[in-house]
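The values are calculated or read from the model by the stated rules, or taken from the named source; none is laboratory data. Because the structure is predicted, anything quoted here is derived from the model rather than measured. Glycine gets a Cβ as well: all are built from the backbone with ideal geometry, and neighbour counts include every protein chain shown. In case anyone asks, the SASA skips ligands and DNA or RNA and just uses the protein heavy atoms, side chains included. Shrake-Rupley method; radii C 1.70, N 1.55, O 1.52, S 1.80 Å.
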Amino acid sequence: MCSFVYANAQTNEEIAGVYISKSKDNFNNSKIVEAQTDFNKAMKLLDTIKSASVAKLGTLIEFGLKNYKKSRSYAKQYFLLEKNKKTSEYQQLLELYVTLQEFIEKEDLAFLEKEKLRIAQENAKQWNDSLKTVWEDQSADFLLGYSHIAPFDNNGVAVFQQGEFFGLIDDKGTVLLSADVYKDARAYEGYVLLMNQKNNPTQLYAYNTAQKEGLLLPDINGFNPLSTNYGTVMLPRGNGKVIAYPNNSLKVMVFNLAENKLEPFTNEKNIFKELKRTDKIEKYNSDGQVRIGGEWYHFGGHLGGGIYPLFNDDYSMFGYLCGIDGKVLAADQYNHIGAFYNESAEVTNAEGTKWINQNGTEIEAKINQEFTYSGSSKLVKLENGYQIQTEIDGKKYLILGDKKLVLLDDFIKENPYVVKQE
């Protein structure tokens, strides 16, 4: 067995010698990577370097590949193995060793600087992460936990929904009307109507967004003793008029929000005379009825723009008479018509909502720029509600009433990480 181990050891040294020879050839031919590969194969076969020339070769190969610390380790072995310190080769290796020391010192210094930078960046990140946590904790105080907020109108007022109820806020998030009574809302042209129920409401509250004032409309039986609810309520218009179709009524309700009063249908007889004179109706009587096409209908008031609702005896809607040309708009296509204003009136039917002119011709919905919001507040939808962002002196903030919080990026900039001086 001893003979086998000895023979095998000799074989490893011999094989290692072949790799060393190949490494020298590759190095002399400037094939440094190949030289390193062969040299490393030789090192795996040897327990230790026993020749100064081999240590020198390792030194030069690793130096050529800029592996300065490994090159230095081989140089140290060279100095231990080389007994003759007066040769030019020894002197050259000594000079190379000094150069290696200088390179390694530069590498170590660069590493230290890089490490300092890494640590500083890591500390800065941790600082920013902690700032983000602080900011998120503070920003939670600016959360409006509503299920929906409509866009602000030109006066900075928006309808919000909380559960099944609706309320009002301004563009700073201040609650103008709590969401605890009204279950539907209709906002248009500077007014908001809130109803205690979506269909056939019995209570209506109107809010003037320009004046930031609200009023409760009078009880419906003050308009008509037989009515128990407001029926279908149309959009409020910019002239302050709102139309409702109460139950058990042969007239529509016209309420002037700007003047806080019901508008009774006046000058009925004069209107009848003019409509008969111009052949828009055939006859009229003292009971407030008009005859059209041989049939009598109850004259239901004036929606504006010469549009008059016509009722059957059973309180059902027959249609609408257009005073401008005598056209009758059928109730099955024009279920309800709102106040005429700004050359348009709202119409609702089974298909939804549309807009018409004075003679019932459908037109595009008018977007009145006067009622478009132009302020700096912006609603931001979150998973659990909303926040309001605004801009003050060129900087963006979260805002809620009198409170404000600069946005995260600026919050971090205003609280920079400071490197501690050692």
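Here the stretch 262-313 is the region considered, the condition is being surrounded by fewer than 14 Cβ atoms within 10 Å (Cβ to Cβ) and hydroxyl-bearing (Ser, Thr, Tyr), and the residue that is nearest to residue 361 (Cα to Cα) is 278. If you check residue 245 against the conditions, is it open to solvent by less than 50 Å² (accessible area, probe 1.4 Å), under 23 Å from residue 355 (Cβ atoms) and free of Cβ contacts under 8 Å to residues at least 40 places away in the same chain? No, not satisfied. Where strands (runs of 3 or more DSSP E) sit wholly within the stretch 313-406, those with at least 3 residues that are among the β-branched types (Val, Ile, Thr) and under 33 Å from the mean Cα position of the chain (by Cα) occupy 385-392.
Scanning the stretch 160-196 for residues that are buried (at least 22 other Cβ atoms within 10 Å of the Cβ), under 22 Å from residue 258 (Cβ atoms) and in contact (Cβ under 8 Å) with a residue 60 or more places away in the chain turns up 190, 191. Starting from the stretch 125-137, keep only residues that are open to solvent by 70 Å² or more (accessible area, probe 1.4 Å), then list their pairs with residues that are in a helix (DSSP H, G or I) and of a type outside the set (Asp, Glu) whose Cβ atoms are within a distance under 8 Å, requiring at least 6 positions of separation or different chains. That search, which allows pairs on different chains as well, returns 132/408; 132/412. Each residue in the stretch 25-68 was checked for being among the charged types (D, E, K, R) and not in a helix (DSSP H, G or I), and 4 pass. Of all the residues in the stretch 61-75, those that are over 17 Å from residue 108 (Cα atoms) and surrounded by fewer than 22 Cβ atoms within 10 Å (Cβ to Cβ) number 2.
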